[in-house]
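The values are calculated or read from the model by the stated rules, or taken from the named source; none is laboratory data. Note that the structure is predicted; figures quoted are calculated from it, not measured. Here Cβ is always computed from backbone atoms with ideal geometry, including for glycine, and neighbour counts include all displayed protein chains. The area values use the complete protein model at the heavy-atom level, side chains included, leaving out ligands, DNA and RNA. Shrake-Rupley method; radii C 1.70, N 1.55, O 1.52, S 1.80 Å.
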Amino acid sequence: MADASGDGDIGGRDRDPEGRARNARPRDGLGRPLPYGVDGVERQPEGVVRSPAETVAEAQELLDAGKPFHAHEVFEDAWKSGPDADRGLWRGLAQLAVGLTHSARGNTTGGARLLRRGAAAVTEWSAEQNQPRPYDLDLTGVASWAGALAGRVEQTPTPIDAGTEAPRLRRP
């Protein structure tokens, strides 16, 4: 098996140039692994440090493009690199993106559960921090979107369209 740099790996696991385990398989737009050698969707680079405004803008673009898995990776970077006080916010937004991902993959139970978990996390963070609109995010609207979508996902056995169902992170 080849690593991300094409050099191979002892033990059969993909590794990045620093030796960390990384799956080099191509992925589809919802983050599902594809067979080696197939063209996939370009992956989000990991470990990118962005400002909160850049994080929100990039995640919104990815959500609008129907790539919630990739948006989750942007939020994950923010929670890992940002201030400790903001980790709950970014982790909750990442859970919402993963919930949308699972819903688009047809995993109704997991999708609805993660949408509700993410909504609860951002609502709790907002109350604890007394910040209803951090970084111009509409957390009340996002939590409401997630609850409504979770209810619809549970009522429909078919996958949803992630781009059509994407939330508006900021109020216009």
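Listed values, structure above:
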| quantity | calculated |
| --- | --- |
| Residue list for the stretch 35-59, restricted to those being touching a residue at least 40 places away in the same chain (Cβ under 8 Å) and surrounded by fewer than 18 Cβ atoms within 10 Å (Cβ to Cβ) | 52, 53 |
| Among (1) in contact (Cβ under 8 Å) with a residue 24 or more places away in the chain; (2) touching a Leu at 6+ places or on another chain (Cβ under 7 Å); (3) over 24 Å from residue 49 (Cβ atoms), the one test that residue 69 misses | (3) |
| Criterion: open to solvent by 40 Å² or more (accessible area, probe 1.4 Å), of a type outside the set (Asp, Glu) and within 19 Å of residue 63 (Cβ to Cβ) - qualifying residue of 140, 109, 101 | 140 |
| Evaluation of residue 84 against (1) within 24 Å of residue 160 (Cα to Cα); (2) surrounded by fewer than 16 Cβ atoms within 10 Å (Cβ to Cβ) (one fails), failing number | (1) |
| Residue within the stretch 123-132 that is in contact with an Asp or Glu (Cβ under 9 Å, 6 or more places away or on another chain), β-branched (Val, Ile, Thr), buried (at least 16 other Cβ atoms within 10 Å of the Cβ) and outside any loop (DSSP other than H, G, I, E, B) present | no |
| Of all residues making up the stretch 83-122, the number that are touching a His at 6+ places or on another chain (Cβ under 7 Å) and not in a helix (DSSP H, G or I) | 0 |
| Residue list for the stretch 25-34, restricted to those being at pLDDT below 75 and open to solvent by 60 Å² or more (accessible area, probe 1.4 Å) | 32 |
| Qualifying residue in the stretch 8-24 (condition: modelled with pLDDT under 90, over 12 Å from the mean Cα position of the chain (by Cα) and within 23 Å of residue 114 (Cβ to Cβ)) | yes |
